[in-house]
Each structure stands twice: as C-alpha cells, then as structure tokens.
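K.L.:
Structure in structure tokens, see below.
FYI, it's all coordinate maths here, none of it is from the lab. If you're wondering where the values come from, they're calculated on a predicted model, not measured in any experiment. Note that we place each Cβ from the backbone using ideal geometry, even for glycine, and neighbour counts take in every protein chain shown.
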Amino acid sequence: MRILSAAAVMVLLMAPAYAQMPNVNLIPEVASKTPEEREQEATQQKAYRESLKKIPDAKVSSDPWGNVRNVDTPKTSAQPKPRTKTGSTIN
C-alpha cells in the first residue's frame, strides 16, 4: 500500500513538470522567404536603422535627485556600519 501511495504522489508531482516540457520538433519544416518578404524585411531593417540614428544622445545626467542634494555632498553612498552577531549596529 505504501508503494502504491508513493507512486501516486510521484505521478501527481511530475504531472505539472511534464506539462511544462516544450514540444520539440526535431525535423522542422524549413520555410524559405519569398523575394517580396525579403524586400519587405530589408526595408523594415533600413527604417529601423534610420530611426536609431534620429535618437539624440543623452548628454545630461539622469539623476532625478541631483537638484535636491547639496553641492558639497558627494554622490557616493555612505559606508555601512559594522554589525554585531545579533545584527544590530554598534552605538
């Protein structure tokens, strides 16, 4: 009875994992593109490259809190305080 229940538990645990397995086709059908599809893809790629050239370079700092800080305050983070074994800081 124990063996049967252990087998049932294993089957129930393996079912979701089996459902996630991809359907692998070892012999895929090779679909070649027609000349029209190739031309359309080439024009899309060209338009994409042209649009990338139109994006301006980011020359300003992207620090949203930059105007809140004092000029004298460094932008680096503070050194962490040493912790004891209990995790509290030393005062």
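K.L.:
Could you list the GluC sites (Glu not before Pro) in region 1-45 that lie in coil according to DSSP, counting only those with at most 11 other Cβ atoms within 10 Å of their Cβ?
P.N.:
Glu29
K.L.:
Report the chymotrypsin sites (Phe, Trp or Tyr not before Pro) located in region 12-67 that are in a DSSP loop and have at most 16 other Cβ atoms inside 10 Å of their Cβ, or state none.
P.N.:
Loop-located and lightly packed - Trp65.
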